[in-house]
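Read the structure below first, then the notes.
Values quoted throughout were computed directly from the atomic coordinates according to the rules given, and no laboratory measurement underlies them. Source: prediction; values computed, not measured. Cβ: placed from backbone, ideal geometry, glycine included. Neighbour counts: every protein chain shown.
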Amino acid sequence: MGRNHEIEEPKKIMVRAANWLGDAVMSIPALEALRKRFPAAEIVVIAKPWVSELYWHHPAVNRQIVYDADGKHRGPSGFRELLKSLRAEQFDAAILFQNAFHAAWMAWRAGIAVRIGYARDGRSPLLTDAVSLPPRAAYSHQAYYYLQLLFRAGIIATPNPARSWDEPMLKLTDAERSWAERQLNALGLGGPRYLVGIHPGASFGPAKRWLPERFAALADRLVGALGADVLIFGTAGEKPLAEQIAQAMQHSPLVVAGQTSLRQLMALLGQCRLLITNDSGPMHVAAGLALPLVSIFGSTDERATGPLSPRARVVKAQVECSPCGLRVCPIDFRCMRGVTAEDVHRVALELARESSAAP
């Protein structure tokens with residue numbers, strides 16, 4: 001495994017997950033490729049609390065260990081407790097999807113013999129396999145960035161996913177589907193309804209967020225065109241934004257922002273027929289569930305971080321300063337102001353028709 005050592009068939013592999021939800025979803029094809037390469041290995045994912053539930057029930061992952069740096073692993077004593085538990089695991093190898101120095105420091109302090117990650121953030125001395133960064137031309141989408149790590153480390157023979165993008169990357173259990181159905185029934189939204197999800201937030205920053213009044217206008221139009229009921233998703237911090245949109249609507253949506261865990265969010269998304277979203281973690285989750293979705297892009301590049309699904313569509317305005325990659329727009333927000341409710345409505349109806357006609 002890797003290029004600089006003798007372990008060829010590791011029995012237990014630690015994978016340090018990416019910290020952002022969207023990045024974690026985009027790393028799943030690499031996890032699947034790792035599983036295909038080592039089908040008998042125990043693969044244990046180390047993840048932050050807000051990401052760890054993503055890996056529940058995934059066939060590429062045997063277990064998760066939650067790294068709670070703000071809770072039980074807080075401070076030097078908490079980190080020592082984490083290291084103690086990692087040493088007890090006796091991992092043969094560590095794969096670092098997270099790019100930070102701290103990920104390599106953790107794997108080194110945990111005494112893991114083989115430590116594979118990209119040579120960045122000054123961490124190369126802590127890695128047994130410090131993999132040089134691929135040229136940008138070698139990967140168009142961020143998902144291939146993680147696949148390139150395995151490829152350039154000599155773990156997989158080709159930097160291509162061991163999957164078709166037509167297949168869902170994420171799966172719900174029957175119990176999770178039943179939970180979502182019960183929740184919607186209790187709220188009067190059970191039965192054969194056309195549910196449209198709205199996710200207006202983006203943790204990265206306001207430059208990625210479409211205008212609230214346009215989300216509201218679009219949602220009202222979709223209610224009229226599709227006879228839809230609307231769910232507005234988001235984190236607890238995004239609840240005021242969700243309520244602002246709800247108050248601006250003529251129809252009454254259901255605001256569930258701040259009321260769900262990640263798996264509960266996934267289960268409710270699974271009940272939707274369509275999602276309208278910004279470039280965000282939940283966008284990637286919905287794409288992983290193969291949910292039809294329309295995403296509004298502005299400051300970011302859909303070629304690099306767009307939804308990995310043939311059932312996804314991207315709407316963006318063609319402006320000279322996009323993509324800038326900034327968290328906050330320093331000028332007039334023209335990339336998002338250039339996308340109208342009519343633009344998104346038209347694409348959403350086209351996708352709804354295509355999805356209804358699909359087998």
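Compute a Gaussian network model of the chain, connecting alpha carbons closer than 10 Å, and tell me which residue from Ala248, Ala257, Ala104 fluctuates the most.
Comparing Ala248, Ala257, Ala104 in a Gaussian network model of the chain, the most mobile one is Ala248.
Over every pair of different alpha-carbon atoms in the chain, take the mean of 1/r and invert it; report that Kirkwood radius in Å.
Taking the inverse mean of 1/r over all distinct Cα pairs, the chain comes out at 21.4 Å.
Under 5 Å between amide H atoms, partner at least 5 residues away or on a different chain: which partners does Val314 have, H built in plane at 1.01 Å?
Sorted by chain and number, the residues that satisfy this are Ser295.
Would you kindly derive the ³J(HN,Hα) couplings of segment 233-248 from the backbone phi angles with the Karplus curve 6.51 cos²θ - 1.76 cosθ + 1.60 (θ = phi - 60°), listing them in order in whole Hz, with x for Gly and Pro?
9, x, 7, 4, x, 9, 4, x, 5, 4, 5, 4, 5, 4, 5, 7
Ile198's amide H: which non-local residues (gap 5+, or another chain) put their own amide H closer than 5 Å, with H modeled 1.01 Å from N in plane and none for Pro or chain starts?
Leu231, Ile232, Phe233, Ile276
What range in the chain is the longest one free of GluC sites (Glu not before Pro) that are in a loop by DSSP and have at most 12 other Cβ atoms within 10 angstrom?
Formally, the longest exposed-site-free interval is 9-319.
How many angstrom lie between the C-alpha centres of segment 186-231 and segment 66-90?
Segment 186-231 and segment 66-90 have Cα centres separated by 40 Å.
Using θ = phi - 60° and the Karplus form 6.51 cos²θ - 1.76 cosθ + 1.60, what ³J(HN,Hα) does each residue of segment 122-130 get, whole Hz, x for Gly and Pro?
Calculated HN-Hα couplings, in order: x, 9, 3, x, 8, 9, 7, 10, 8 Hz.
Per-residue HN-Hα couplings for segment 28-34, Karplus 6.51 cos²θ - 1.76 cosθ + 1.60 at θ = phi - 60°, whole Hz, x for Gly and Pro?
Working through the residues one at a time gives 4, x, 5, 4, 5, 5, 5 Hz.
Using only helices, what value at 222 nm comes out for the chain when you add -39,500 (n - 2.57) per DSSP H run of length 4 or more and divide by the total residues, to the nearest 500 deg cm²/dmol?
Working: 14 runs with 134 residues, N = 359.
Result for the chain: -11000 deg cm²/dmol, rounded to the nearest 500.
How big is the shadow of the Cα convex hull of segment 174-357, averaged over all directions, in nm²?
Result: 9.9 nm².
Amide H neighbours of Ile43 under 5 Å, at least 5 residues apart or on other chains, H built in the peptide plane: list them.
When sequence neighbours closer than 5 places are left aside, the close amide H contacts are Ile13, Asn62, Arg63.
So for segment 12-152, what percent of the C-alpha to C-alpha distances run longer than 23 Å?
Details: 2801 of 9870 pairs.
Result: 28 percent of Cα pairs exceed 23 Å.
Hey, what did segment 189-252 get for relative contact order, percent, Cα under 8 Å, at least 6 apart?
43
Over the chain, calculate the relative contact order: mean separation of alpha carbon pairs under 8 Å at least 6 apart, over the residue count, as a percent. Intermediate values should be presented prior to the final figure.
Numbers: 679 pairs, mean separation 53.3, N = 359.
Taking the mean separation of contacting Cα pairs over the length of the chain, I get 15 percent.
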